[in-house]
1. Rounded to the nearest Å, what's the spacing between the alpha carbon centres of the stretch 115-139 and the stretch 171-191? Just the number, please.
2. Express in Å², to the nearest 10, the accessible area of Lys37 obtained by rolling a 1.4 Å probe over the protein heavy atoms while all chains stay in place.
3. Where does the Debye-calculated log10 I(q)/I(0) of the stretch 45-191 sit at q = 0.11, 0.14, 0.15 Å⁻¹, using only Cα point scatterers of equal weight, no solvent?
4. Relative contact order of the chain, please, whole-number percent, based on alpha carbon pairs below 8 angstrom and at least 6 residues apart.
5. Given a 1.4 angstrom probe, what's the average accessible area per residue across the chain, in square angstrom?
6. Can you tell which of Arg161, Arg145, Arg65 shows the greatest fluctuation in a Gaussian network model of the chain with Cα springs below 10 Å?
7. Counting only residues 5 or more places away or on other chains, whose amide H sits under 5 Å from the amide H of Ile128 once H atoms are built in the peptide plane?
8. Roughly speaking, to the nearest percent, how much of the chain's 1.4 Å accessible area is carbon and sulfur?
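The values are calculated or read from the model by the stated rules, or taken from the named source; none is laboratory data. All values derive from a computational prediction rather than experimental measurement. Glycine also receives a Cβ, built like all others from the backbone with ideal geometry; neighbour counts cover every protein chain displayed. Just the protein is used for accessible areas: all its heavy atoms, side chains included, with ligands, DNA and RNA removed. Shrake-Rupley method; radii C 1.70, N 1.55, O 1.52, S 1.80 Å.
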Amino acid sequence: MKKKIGLLVLLVVLAGVGKYVYDMNINHNFETITEGKVYKSGVIPPDEIEEYVKKYKIKSIVDLRFPGTGDLVNNPEIPAELTAEKEAIAKIPGVNYYNNGSDQVPKQENLDTFFKIMDNPANYPVLIHCYHGVGRAEMYSALYRIEYEGMDRDEARTSTRVLTKWSSFDLGKPKGDYLHNYKSRKDKETK
């Protein structure tokens, strides 16, 4: 019986590791936020971008990376990677590339740029991405859901990932608190 339980645990661990490897290295953390409208991901190699653009009919890519932060864990961007992506996208007819380099918690100028992009119906479907696809891309995906789909801010916060507890989106963490306290543009106008 102990061998069977040990084998089951091993299989579950291997399945989890396999999913992680697939998500991070093969699928680039690509996820549908709203079918046909908004997607999010980590960095997609320049030679694979066109495949995603065609498959999901993406018209605009919002790149949240910016180089030179010195934070090699959260922002390991390299200027040559950003340039290569921008050049690859420029070769795809009808696709807009927007760089909106953002910290993990957005500044107002990032929000202003993001809303200007998202307010334009001609930009859809949109792909929002950062380096890993699990921090800034999820933050801006939650903001999209709040601003454009009327989702409750805590529902948007907790729907950003499978497990919010103990993540950077948990209450008591900067991203979690930011979304929990976020006031939508509509809420600001009514006050």
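1. Result: 18 Å between the Cα centres.
2. Answer for Lys37: close to 90 Å² accessible.
3. -0.43, -0.70, -0.80
4. Answer for the chain is 22 percent.
5. Using a 1.4 Å probe on heavy atoms only, each residue of the chain averages 57 Å².
6. Arg161
7. Tyr39, Lys40, Ser41, Val62
8. 59 percent
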